[in-house]
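Coordinate-derived values only; no laboratory data. This structure is a prediction, so every number in the text was calculated from the model and none was measured. Cβ placement follows ideal geometry from the backbone for every residue including glycine, while neighbour counts extend to all protein chains displayed.
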Amino acid sequence: MDAAIVDLCVGDVELALLPAIILSTFDRSLRRRIVGSLVGVTMILIVNPLRIFTVLWAGSRFDWRVAELMHGFTFRVMLVLIILGFYYIWYLKYDSIAEALNGFTEKTRSILKK
């Protein structure tokens with residue numbers, strides 16, 4: 001069996017869907033929505049090649065039927081969970097993450113000044 005990477009494999013739908021959901025959340029500031037969209041797109045661009053690699057690896061290592069199961073069901077569910085999970089974290093935990101990162105950068109600056 002041959003594997004083919006087609007247009008849907010590159011994550012176009014996810015790359016459009018996540019920023020659309022985030023940018024349409026009008027009870028958050030525009031800056032927060034833009035940052036969330038950029039971080040979300042970056043996450044998808046990192047995770048998707050790993051997903052493609054895993055499917056191809058499973059097909060070559062085990063059986064292409066295993067790869068088809070992973071691709072057809074498991075990874076579609078995983079992509080939905082990743083998008084929903086990212087949105088949940090962005091929507092509810094953004095402030096605490098931003099505070100933690102701000103504290104981290106302040107500590108780093110003070111260390112570098114010494």
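Results, tabulated for the structure shown:
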| read-out | value |
| --- | --- |
| Computed P(r) (all Cα pairs; segment 10-113; 10 Å bins; percent) | 14, 35, 26, 18, 7, 1 |
| Inter-label distance, nm, simple model (7 Å from Cα along the C-beta direction), ILE89/LEU45 | 1.8 |
| Debye, to nearest 20: dipole size of the chain, +1 on Lys, Arg Cβ, -1 on Asp, Glu Cβ | 680 |
